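Written below as structure tokens is the structure these notes are about.
The values are calculated or read from the model by the stated rules, or taken from the named source; none is laboratory data. This is a predicted model, so every value here is computed, not measured. Cβ coordinates were reconstructed from backbone atoms using ideal geometry, including for glycine residues, and neighbour counts include every protein chain displayed.
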Ligand code: PFF
Ligand code: NA
């Protein structure tokens, strides 16, 4: 059977951006930054995206485009022996991430609906926190988790081409416009100066004192936000029918993803400071609490809020799709299962795995620290070792296809993958496991 390929030249980059931009930027980034001390975390995070995330995107791209296979098949074709188990790690990681990702995405759908039925006029931070409590527990949370997973299954069952490209073209620009507008409004708040100082000034004393938690948090967030460590970018690059400049594409993806995360910080922190909330306090509720207070104050805040929560829901959809696609492409390619039953069976299993998260948020932190602190980091470590030490020549040649002669840049890339990535990730993994 001929494999599907992207329908337009833009299709691949749109899908990869769609996978990268999601809850990792809007929901996870601001609360992790708040928990890890603001500016001290931000600087490490930015360094990690540039020095580790960007080369790691290329690691996945070359494997996918060279083999034109799903991650499990790709590793089997290139490697041998124990490497065959790496694909299984991706499958496990995909299950865990998608299960809680869908629950959180369901909250964004719920907040969209709240805007439509009631608006966001809440009396203050306590009421905002109370609302978050109702949305995130019990039947509400379960119902919207189910709705979200049904959407993800539907799109994946319909096939890669039809589902993904359109949503991304509309929703990424819309999110950027809304965030910039919200950031401009936040700039006018009295709390803005204090918030920017917290967010942008790296406190090196704090960094030195807390590096054992900042380092793994920054590495994990970099991999999570760029969709690395579980084969998504391998899968997407496997549908690439032509020679593209993979490095340019990776640069666009990493740059856009980082830009969106950074402007989310410019929105969230001024509003948290304005409400007198400690930036590290709210955890997973940070974006919801700060935005509901923002939308309560801003003229036309209700409409803005509805649009914003809906857009993030769609952004989450294009990311969730990429995760389910990894799991489904495995079943299709390896076990010859048809697309529709594969998508349905896996989607239902993922839904069930997510149910505990709708009952108690303790499972959210359990799943999230397992996925982000351990599984994604381990996956990225093994991929770096594999490309850097097992198939470096194939990888370098594949990177050059579509770029031309790489010269010493190719060698530099291989050495970054071989040593710095491996060392940083090993340390992060060790600290993450100890923490878990
Ligand atoms: N990168 C996505 C985000 O930032 O929301 C989340 C994600 C997608 C993580 C796909 C991992 C993955 F494989
Ligand atoms: Na992201």
- [ ] Could you grab the pairs with beta carbons closer than 6 Å, sequence gap of 6+ or different chains, first residue in segment 271-287 and in contact (Cβ under 8 Å) with a residue 40 or more places away in the chain, second one buried (at least 21 other Cβ atoms within 10 Å of the Cβ) and in a loop (DSSP other than H, G, I, E, B)?
- [x] 272/279
Open item on the list: Condition (residue is more than 16 Å from ligand 2 (Cβ to nearest atom), surrounded by fewer than 17 Cβ atoms within 10 Å (Cβ to Cβ) and not in a helix (DSSP H, G or I)) applied to segment 212-220: is it met by at least one residue?
Closed with: no
Open item on the list: Looking at the structure I just gave you, is residue 152 under 19 Å from residue 27 (Cβ atoms), at pLDDT 90 or above and either in contact with a strand residue (DSSP E or B) (Cβ under 7 Å, 6 or more places away or on another chain) or surrounded by 16 or more Cβ atoms within 10 Å (Cβ to Cβ) (or both)?
Closed with: yes
TODO: Could you check, for segment 123-143, whether at least one of its residues is within 16 Å of ligand 2 (Cβ to nearest atom) and farther than 23 Å from residue 230 by Cα?
DONE: no
- [ ] Would you list the helices (runs of 4 or more DSSP H) that sit entirely within segment 307-417 and hold 3 or more residues that are within 16 Å of ligand 1 (Cβ to nearest atom) and within 30 Å of residue 287 (Cα to Cα)?
- [x] 339-359, 362-370, 376-385
Open item on the list: One residue is enough: does segment 45-61 have a residue meeting the conditions crowded, with 18+ Cβ neighbours inside 10 Å, closer than 19 Å to residue 324 by Cα and either away from ligand 2 (no atom under 15 Å from the Cβ) or over 16 Å from the mean Cα position of the chain (by Cα) (or both)?
Closed with: yes
Open item on the list: If the requirement is being in a loop (DSSP other than H, G, I, E, B) and free of Cβ contacts under 8 Å to residues at least 60 places away in the same chain, which of these qualifies: 123, 130?
Closed with: 123
Open item on the list: Under 6 Å between Cβ atoms, which residue pairs at least 6 apart in sequence (or on different chains) link something in segment 12-24 that is farther than 30 Å from residue 285 by Cβ and in contact (Cβ under 8 Å) with a residue 24 or more places away in the chain with a partner that is in a helix (DSSP H, G or I) and away from ligand 2 (no atom under 11 Å from the Cβ)?
Closed with: 13/249; 14/165; 14/168; 15/164; 15/236
TODO: Of the conditions (1) surrounded by fewer than 16 Cβ atoms within 10 Å (Cβ to Cβ); (2) touching a helix residue (DSSP H, G or I) at 6+ places or on another chain (Cβ under 7 Å); (3) modelled with pLDDT of 95 or more, residue 143 clears all except one; give me its number.
DONE: (2)
Task: Residue within segment 265-286 that is within 13 Å of residue 22 (Cα to Cα) and either at pLDDT 95 or above or within 13 Å of ligand 1 (Cβ to nearest atom) (or both) present - done: no
- [ ] Starting from segment 252-264, take each residue that is over 19 Å from residue 55 (Cα atoms) and touching a residue at least 60 places away in the same chain (Cβ under 8 Å) and list its partners that are more than 9 Å from ligand 2 (Cβ to nearest atom) and in a helix (DSSP H, G or I), counting only C-beta distances under 6 angstrom and pairs at least six apart or across chains.
- [x] 263/179; 263/183; 264/30
Task: Options 259, 273: the member that is at negative phi, touching a helix residue (DSSP H, G or I) at 6+ places or on another chain (Cβ under 6 Å) and in a helix (DSSP H, G or I) - done: 273
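To keep it simple, each residue is scored yes or no on (1) more than 16 Å from ligand 2 (Cβ to nearest atom); (2) buried (at least 24 other Cβ atoms within 10 Å of the Cβ).
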| residue | (1), (2) |
| --- | --- |
| 226 | no, yes |
| 266 | yes, no |
| 271 | yes, yes |
| 282 | yes, yes |
| 285 | yes, no |
TODO: Tally the residues that are surrounded by fewer than 17 Cβ atoms within 10 Å (Cβ to Cβ) and without any contact (Cβ under 8 Å) to a residue 60 or more places away in the chain, restricting the search to segment 411-436.
DONE: 9
TODO: Assess whether residue 109 counts as being more than 16 Å from ligand 1 (Cβ to nearest atom), surrounded by 20 or more Cβ atoms within 10 Å (Cβ to Cβ) and within 20 Å of residue 324 (Cβ to Cβ).
DONE: no
TODO: Could you give me the residue pairs with C-beta distances under 8 Å whose first residue belongs to segment 214-231 and is in contact (Cβ under 8 Å) with a residue 24 or more places away in the chain and under 14 Å from residue 430 (Cβ atoms), whose second residue is within 7 Å of ligand 1 (Cβ to nearest atom) and in a helix (DSSP H, G or I) wherever it lies, and which are 6+ apart or on separate chains?
DONE: 220/376
Task: Selection from segment 228-256 of residues that are buried (at least 24 other Cβ atoms within 10 Å of the Cβ) and in a loop (DSSP other than H, G, I, E, B) - done: 228, 229, 230, 231
Task: Residue under evaluation residue 235, criteria (1) within 27 Å of residue 311 (Cβ to Cβ); (2) within 16 Å of ligand 2 (Cβ to nearest atom), criterion not met - done: (2)
